[in-house]
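For reference, the structure discussed in these notes is given below.
The values are calculated or read from the model by the stated rules, or taken from the named source; none is laboratory data. Keep in mind that what you see is a predicted model, and the values were worked out from it rather than measured. Backbone-built Cβ (ideal geometry, glycine too); neighbour counts: all protein chains shown. The protein model used for the area step is the full one, side chains on, heavy atoms only, and it has no ligands, DNA or RNA in it. Shrake-Rupley method; radii C 1.70, N 1.55, O 1.52, S 1.80 Å.
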Amino acid sequence: MITKILDRYLQPAGEYIYGFADLRGLLVSRFECYEFGISVGKKLDYTIVDGLVNGPTIEYFRHYNQINADLEEVTLRIARDLNNNGFHALATKPTISAGSEGYEEYLERLTYDISHKMVGTRAGLGWIGKSDLFISEKFGPRLRLDTILLKEDPEVRAVPVERSKCGKCRMCVTACPANAANGRLWDIYTQRDEFFDAFRCREKCGELARNRLNVDERICGLCISVCPVGKKSYL
Ligand code: B12
């Protein structure tokens, strides 16, 4: 039943991935009555991502906002349909923006109440790369993610991914204009700050967006563009 609903909304199917995650013990108190989650990923436009090699572009900025809006809408519609069919589902937002609830706390730590990447690894869809990106088996990092929380056990079991598959590759580490990554491989016991400096990344993203696009935003995406896993899935 759940997969039928998801397949109905996540169209065209080739642009999406989804998977089911057991999140017991992993969510903050605000969400802990939801024990399971559905990770939904929407593919980014490959031509736009390829165009990021020399820095952020206005096309990427628009595309990224459009995908966020698409994901927000489709996950809301799915959650509504699930709720109409006896489930208890909650669609979370793809990202946090200025003015939204919790934004001040977010700025202090650069973490949000729910990590879509964590839901993605628990759903077995991919792992965390050296630049702290979610690397999906299907699209590499060339996607944006969202999560639908669920109280009921969907009874579809995924094998969670618990360590990085990046091996010796350092493409994103050397490409990062902020030098934010130190090259250490991720596993579920590794904290973000041990291998990735999010504050340095954010500052550089702000500088690039200001200088290249004249917008007060934080945009880069070079780590997404250079990842060979994403490129491989394109071929
Ligand atoms: C805060 C934030 C930022 C901050 C900090 C980034 C960071 N790496 O933490 C800043 C402003 C710098 C930023 C920048 C960007 N961001 Co951002 N950001 C977020 C946001 C809102 C919250 C992430 C968060 O809470 N991080 C805190 C840390 C602790 O968690 P985490 O980053 O998710 O990763 C840890 C966990 O996932 C954990 N984990 C994974 N699996 C498991 C399993 C278990 C059992 C456990 C215990 C832990 C665990 O491992 C990771 C490392 O510790 C998310 C949306 C969301 N709600 O998830 C988008 C998000 C992470 N951003 C995204 C993107 C695309 C970007 C940018 C490319 C945008 C751009 N500027 O062009 C850059 C790239 C930065 C980069 N290389 O990470 C995408 C990532 C897509 C992908 N393929 O990975 C997300 C998911 C948004 C989305 N809806 O798709 N971002």
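Annotations for the structure displayed:
- Within region 106-115, restricting attention to residues that are near the ligand (Cβ under 6 Å from one of its atoms) and of a type in the set (A, V, I, L, M, F, W, C), the residue that is surrounded by the fewest Cβ atoms within 10 Å (Cβ to Cβ) is Leu110.
- Counting only residues that are within 11 Å of the ligand (Cβ to nearest atom), among the basic types (Lys, Arg) and either part of a helix (DSSP H, G or I) or in contact with a strand residue (DSSP E or B) (Cβ under 7 Å, 6 or more places away or on another chain) (or both), region 182-212 holds 4 of them.
- Residues that are more than 19 Å from the chain's Cα centre (by Cα) and either among the small types (Gly, Ala, Ser) or open to solvent by less than 20 Å² (accessible area, probe 1.4 Å) (or both), drawn from region 77-87: Leu82, Gly86
- Taken over region 116-135, the criterion of being surrounded by fewer than 24 Cβ atoms within 10 Å (Cβ to Cβ), near the ligand (Cβ under 6 Å from one of its atoms) and either part of a loop (DSSP other than H, G, I, E, B) or without any contact (Cβ under 8 Å) to a residue 12 or more places away in the chain (or both) is satisfied by Asp132 alone.
- Where strands (runs of 3 or more DSSP E) fall wholly inside region 2-91, the ranges with 2 or more residues that are basic (Lys, Arg) are 36-43.
- Selection status of Leu90, crowded, with 16+ Cβ neighbours inside 10 Å and within 15 Å of the chain's Cα centre (by Cα): no
- Some residue of region 137-151 being of a type in the set (Lys, Arg), open to solvent by 30 Å² or more (accessible area, probe 1.4 Å) and more than 9 Å from the ligand (Cβ to nearest atom): yes
- Single match in Val173, Val215 (criterion: surrounded by 16 or more Cβ atoms within 10 Å (Cβ to Cβ), more than 9 Å from the ligand (Cβ to nearest atom), in contact (Cβ under 8 Å) with a residue 40 or more places away in the chain and under 29 Å from Ile58 (Cα atoms)): Val173
Okay, residues lined up against (1) out of contact with any Cys (no Cβ under 7 Å at 6 or more places or on another chain); (2) on the phi > 0 side of the Ramachandran plot; (3) among the aliphatic types (A, V, I, L, M):
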{"site": "Cys172", "(1), (2), (3)": "no, no, no"}
{"site": "Arg184", "(1), (2), (3)": "yes, no, no"}
{"site": "Ile188", "(1), (2), (3)": "yes, no, yes"}
{"site": "Gln191", "(1), (2), (3)": "yes, no, no"}
{"site": "Arg202", "(1), (2), (3)": "yes, no, no"}
{"site": "Cys205", "(1), (2), (3)": "no, no, no"}
{"site": "Leu208", "(1), (2), (3)": "no, no, yes"}
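- Qualifying residue in region 80-90 (condition: within 12 Å of the ligand (Cβ to nearest atom), within 19 Å of Ile38 (Cα to Cα) and in contact with a strand residue (DSSP E or B) (Cβ under 6 Å, 6 or more places away or on another chain)): no
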